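Worksheet: one structure, shown below.
The values are calculated or read from the model by the stated rules, or taken from the named source; none is laboratory data. As the structure is a prediction and not an experimental result, all values here were calculated from the model. Glycine also receives a Cβ, built like all others from the backbone with ideal geometry; neighbour counts cover every protein chain displayed. All accessible areas refer to the heavy atoms of the entire protein, side chains included, with ligands and DNA or RNA removed. Shrake-Rupley method; radii C 1.70, N 1.55, O 1.52, S 1.80 Å.
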Amino acid sequence: METLFIGQNAIFLPQAESTNSYAIELLKNVNLPEGTIVYTTNQTHGRGQRGNSWDTEPGLNLAISYILKPSFLNANKLFFLYIISALAVYDLMSELLGSSQYDIKIKWPNDILVNSKKIAGILNENSISNNQLQSCVCGIGLNINQTNFNETINAVSVKLISGHEHDLLKVIKLLNYHFEHYYLKLKSENYKWLREQYDSHFYKLNQIVNFSIHGIHKPFLVKGINEQGLLSLQDDSGINHDFDIKQIKWL
Ligand code: BTN
């Protein structure tokens, strides 16, 4: 499971508030090689989507940030970084759990679910200056060996499902391998293939689901993502609508 560049430069932090914040600060002062990872097993103020926090018990889980410099990527294709991050985590979970036994899904835009419970979350943060993409930090939080979760967050870990502990360093190496695989596909412009892979694991695809739009609850048929990475939904009159993460919430 060797990689060419992802994880070749690895910064382990015994403790960090947020690996994403650390990576973003570091990038302001240091010219880090592409593929550098910043990781910890003790993240104290992990950040999630929509200003949420990402909380984990010390020593049991992984918080990892991948530093990328995808100068080849057009600004309108930035959501592909979510696609490759999600696919890498999907493959990791399939490998750790044995995919046929469990229902592993990618819930737009950033959650990986196993049997409808959250096992991983993704927060990508891009730095753009003078209209140029400078760097991207792909942050991934993985629930590996934690067994107690607050019931309100509907989370699960690899240990809770597989019944045994996993070596966190081996997990990182596996994730690096899958991450690089998909990043190279992106670099060689395999957009259609990447979308097909993503769609094939899409949570609730072609099912009717209740969503909250600005506080109003409404059922929609889930159609997948559009060309910009927005969630495409069909209403009960057959009209398609595209939503970004700020506009809509799964119920
Ligand atoms: C979410 O589910 O809303 C996304 C959670 C992302 C958590 C990861 S852990 C590594 C990286 N550092 C952070 O502060 N957040 C991301």
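Below is a table of values for the structure above.
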{"item": "Filter result (within 16 Å of the ligand (Cβ to nearest atom), surrounded by fewer than 23 Cβ atoms within 10 Å (Cβ to Cβ) and farther than 25 Å from Asp244 by Cα) within the stretch 49-92", "result": "Glu57, Pro58, Gly59, Leu60"}
{"item": "Subset of the stretch 111-139 [in a strand (DSSP E or B) and among the hydroxyl-bearing types (Ser, Thr, Tyr)]", "result": "Ser127, Ser129, Ser135"}
{"item": "Odd one out for Glu2 among (1) out of contact with any strand residue (DSSP E or B) (no Cβ under 8 Å at 6 or more places or on another chain); (2) assigned to a strand (DSSP E or B)", "result": "(2)"}
{"item": "Per-region count, the stretch 208-251, residues open to solvent by 60 Å² or more (accessible area, probe 1.4 Å) and either within 17 Å of the chain's Cα centre (by Cα) or under 30 Å from Tyr183 (Cα atoms) (or both)", "result": "8"}
{"item": "Helices (runs of 4 or more DSSP H) wholly inside the stretch 157-251 that include at least 2 residues being touching a Ser or Thr at 6+ places or on another chain (Cβ under 7 Å) and in contact (Cβ under 8 Å) with a residue 40 or more places away in the chain", "result": "168-187"}
{"item": "Within the stretch 91-110, tally of residues that are in contact (Cβ under 8 Å) with a residue 12 or more places away in the chain and outside any helix (DSSP H, G or I)", "result": "9"}
{"item": "Answer residue from the stretch 114-154, given it is aliphatic (A, V, I, L, M) and near the ligand (Cβ under 10 Å from one of its atoms) and is nearest to Ile64 (Cα to Cα) among those", "result": "Ile140"}
{"item": "Sole exception among (1) open to solvent by less than 50 Å² (accessible area, probe 1.4 Å); (2) without any contact (Cβ under 8 Å) to a residue 40 or more places away in the chain; (3) more than 29 Å from Lys28 (Cα to Cα); (4) not polar (S, T, N, Q) for Ala120, by number", "result": "(3)"}
{"item": "Breaking point among (1) open to solvent by 60 Å² or more (accessible area, probe 1.4 Å); (2) within 12 Å of the ligand (Cβ to nearest atom); (3) among the polar types (S, T, N, Q), for Thr40", "result": "(1)"}
